[in-house]
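The values are calculated or read from the model by the stated rules, or taken from the named source; none is laboratory data. Treat the numbers as computed from the prediction; the structure is a model and nothing was measured. Cβ placement follows ideal geometry from the backbone for every residue including glycine, while neighbour counts extend to all protein chains displayed. Surface areas here come from the heavy atoms of the whole protein model, side chains and all, with no ligands, DNA or RNA. Shrake-Rupley method; radii C 1.70, N 1.55, O 1.52, S 1.80 Å.
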Amino acid sequence: MSEANGTVTILPYGRAGTRERVDHLRNEATADRVGYHGDDPGEPVLVPAGSIAVFSSTVFHRSGVNTTPNYRRVYVVQYAPAPMIRPDGAQASRADPVLRGGERCGPPGKAMGLGPQ
């Protein structure tokens, strides 16, 4: 990943001033949701293709514009302590348990939706 292809940039907690979830406001011009309004640009995550960047959703993060002629592919996985529920009461997305009662669920990989084991 590179700054030219718009890699993710994170703002460490110590520089962001909080570890808490912050409500984001919609930028009507770009449709982006913005939670940080300071001047610190953060740190780009510069890693080889195929790498995994893991960080809490409470870490301020953003991605930039891909100015290269190549595709930038991203696979996003989110973990939550309980299934996410929409305002209408429906489950928001797939919710495969990883732990149940402190114990790992099912065969390795299957609990994380990685297919038959």
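Observations
- Just so you know, in region 51-71 the residues that are more than 15 Å from the chain's Cα centre (by Cα) and open to solvent by 80 Å² or more (accessible area, probe 1.4 Å) include one that is farthest from VAL8 (Cα to Cα), and it is PRO69.
- Unique match (being of a type in the set (Asp, Glu) and modelled with pLDDT of 90 or more) among GLU103, GLU43: GLU43
- The set of residues in region 15-35 that are open to solvent by 90 Å² or more (accessible area, probe 1.4 Å) and in a loop (DSSP other than H, G, I, E, B) comprises ARG19, GLU20, ARG21, ASP23, GLU28, ALA29.
- Subset of region 17-50 [more than 17 Å from GLU3 (Cβ to Cβ) and within 17 Å of the chain's Cα centre (by Cα)]: ARG19, GLU20, ARG21, VAL22, ASP23, HIS24, ASP32, ARG33, VAL34, GLY35, TYR36, GLY50
- Meets criteria (loosely packed, with under 12 Cβ neighbours inside 10 Å, modelled with pLDDT of 85 or more and not in a strand (DSSP E or B)) for GLY38: yes
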